[in-house]
């Protein structure tokens with residue numbers, strides 16, 4: 001059985017024919033035709049999550065892991081607006097979501113009808129494209145139009161790069177009528193995929209320019225693990241004139257994988273030894289503010305210090321100028337570019353690689369020395385937790401302080417790293433991790449701050465929390481990041497408006513949802529709790545570990561840490 005509404009029945013059939021299988025639906029009445037068509041199709045796995053904001057982030061976590069388009073569907077009105085944070089994150093993180101919003105008939109909009117807002121193009125600024133299905137399909141022209149835009153919408157979630165696409169669907173009453181089968185066959189239009197590469201004469205030109213520089217700095221942003229790309233970069237960085245800076249979210253192994261630890265130790269009179277002549281960037285957003293400031297604040301090019309050239313490699317966002325010195329946008333995938341240029345590059349004698357690696361080694365030694373004496377604090381807690389995460393896990397890093405603390409530790413080969421760094425919000429990080437755990441089946445740990453957890457506690461209002469999910473809350477009684485960054489501490493509003501100081505605990509939230517709960521407030525209790533936390537839980541439940549740390553001491557410890565690294 002399916003809905004008698006031809007448009008949604010056609011959408012469902014096309015969805016299945018394109019090999020897609022997952023939809024996350026939030027309950028409602030206006031979206032009844034979507035529920036009937038998708039949830040009753042035996043080839044589709046339909047999940048029901050009440051809170052639209054959490055549901056959308058859960059779907060984002062699913063799509064983030066599988067790279068298969070996941071649909072989300074809601075009723076009309078403000079329900080659609082609750083999708084906005086996850087859609088914005090999916091857009092900037094490049095995650096394939098198909099957003100289906102049920103709508104009222106056009107003639108009822110702005111006429112005082114309930115649950116009726118202007119939904120057409122509602123996500124205009126952070127969606128790849130928006131479509132609207134015909135309210136009725138009454139002739140062949142309507143059918144052909146609907147068939148075309150459905151195919152285009154689904155294709156766009158994957159090509160030329162991943163991202164969210166919106167289909168608004170007006171429904172008139174009655175909403176619950178069903179038919180056995182419609183007398184039509186959905187046609188599938190697959191995109192003609194032209195694999196982009198750089199023309200031979202152009203790659204030779206890039207290689208000639210590359211070979212002319214004695215100091216080449218590569219910076220990798222957020223991306224999925226890619227062993228083949230890793231191998232290309234490993235060979236390229238054997239050159240003394242090449243350095244690769246990476247972060248955990250790049251899932252690559254660079255010469256220097258703790259950027260902040262190194263950049264924070266470069267003094268004014270040392271800048272020349274570390275500044276690049278050629279800067280090459282690829283991947284998504286970079287976490288480190290220090291490297292952005294380092295490059296942006298270098299003296300002007302005509303003084304010979306700022307990078308003379310900056311190439312950014314991305315199939316769609318090739319004109320992104322993060323470091324404010326872009327000279328060439330290269331619209332291909334990084335694996336394509338480095339695969340093409342590798343046979344043409346020539347090693348060059350240089351101390352550039354040596355300078356960065358030696359400073360990285362020195363910073364690693366200082367890091368270890370400081371941690372060996374470090375008292376209980378956020379920094380010490382992260383060291384302890386990262387060592388305890390099971391091999392082969394997916395680590396989801398909450399925003400604000402958690403993702404930044406993780407960058408201070410060398411990445412473990414055993415972990416895959418993910419974080420909602422598209423827009424870097426604290427909203428939805430637990431829901432994203434829950435969706436990732438649901439589809440991946442890998443042990444999945446989310447490390448979040450207290451405000452991030454409380455903000456997204458509806459993530460637990462979910463019947464699909466899997467036994468492989470572990471939630472770690474670093475509870476430092478507020479937004480700890482505001483004690484680290486310059487500015488808030490010089491105002492009278494630090495505790496109430498920036499830090500949002502509180503004495504909340506997650507214990508009774510965990511009990512409300514019948515989730516095993518552990519806590520720690522010192523190193524001994526943390527180690528004891530971690531051992532129990534990562535064991536199989538009663539009734540195959542996920543688990544929550546809340547670690548209470550001293551908020552004022554955390555800020556002091558981190559400042560002392562960075563000072564210690566310098567000397």
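Within region 387-426, track down each residue that is part of a loop (DSSP other than H, G, I, E, B), touching a residue at least 40 places away in the same chain (Cβ under 8 Å) and under 13 Å from the mean Cα position of the chain (by Cα).
398, 399, 420, 421, 422, 423, 424, 425
Give me a count of the residues in region 233-288 that are touching a residue at least 12 places away in the same chain (Cβ under 8 Å) and part of a helix (DSSP H, G or I).
Selection size over region 233-288: 16.
Output the residues belonging to region 427-441 that are in a helix (DSSP H, G or I) and buried (at least 24 other Cβ atoms within 10 Å of the Cβ).
Within region 427-441, 429, 430, 431, 432, 433, 434, 435, 436, 437 qualify.
Within region 21-34, track down each residue that is out of contact with any strand residue (DSSP E or B) (no Cβ under 7 Å at 6 or more places or on another chain) and either assigned to a loop (DSSP other than H, G, I, E, B) or surrounded by 23 or more Cβ atoms within 10 Å (Cβ to Cβ) (or both).
Scanning region 21-34 gives a single hit, 29.
Checking residue 384 against (1) touching a residue at least 60 places away in the same chain (Cβ under 8 Å); (2) touching a strand residue (DSSP E or B) at 6+ places or on another chain (Cβ under 7 Å), which single condition isn't satisfied?
(2)
Quickly run through region 541-555 and pick out the residues that are part of a strand (DSSP E or B) and surrounded by fewer than 24 Cβ atoms within 10 Å (Cβ to Cβ).
543, 546, 548 - these are the residues of region 541-555 that are part of a strand (DSSP E or B) and surrounded by fewer than 24 Cβ atoms within 10 Å (Cβ to Cβ).
Looking at region 211-223 only, could you name the residues that are out of contact with any strand residue (DSSP E or B) (no Cβ under 8 Å at 6 or more places or on another chain) and either surrounded by fewer than 16 Cβ atoms within 10 Å (Cβ to Cβ) or in a strand (DSSP E or B) (or both)?
Scanning region 211-223 gives 212, 214.
Tell me, yes or no, whether region 442-459 has at least one residue that is free of Cβ contacts under 8 Å to residues at least 40 places away in the same chain and in a loop (DSSP other than H, G, I, E, B).
The initial filter retains those residues of region 442-459 that are free of Cβ contacts under 8 Å to residues at least 40 places away in the same chain, namely 455.
Adding the requirement that they be in a loop (DSSP other than H, G, I, E, B) leaves none.
No, the conditions are met nowhere in region 442-459.
For residues that are at pLDDT 95 or above and in a loop (DSSP other than H, G, I, E, B), scanning just region 151-169, find the one that is surrounded by the fewest Cβ atoms within 10 Å (Cβ to Cβ).
158
As an exercise: evaluate residue 478 against (1) modelled with pLDDT of 95 or more; (2) part of a loop (DSSP other than H, G, I, E, B) and give the number of the one condition it does not meet.
Only one criterion is unmet by residue 478, namely (1).
Quick check on this structure: which one of 318, 337 is under 24 Å from the mean Cα position of the chain (by Cα) and either without any contact (Cβ under 8 Å) to a residue 40 or more places away in the chain or surrounded by fewer than 16 Cβ atoms within 10 Å (Cβ to Cβ) (or both)?
Exactly one residue qualifies, and that residue is 318.
The values are calculated or read from the model by the stated rules, or taken from the named source; none is laboratory data. Computed from a predicted model, the values in this text were never measured in an experiment. Methodologically, a virtual Cβ is constructed for each residue, glycine included, from the backbone with ideal geometry; neighbour enumeration extends over all protein chains shown.
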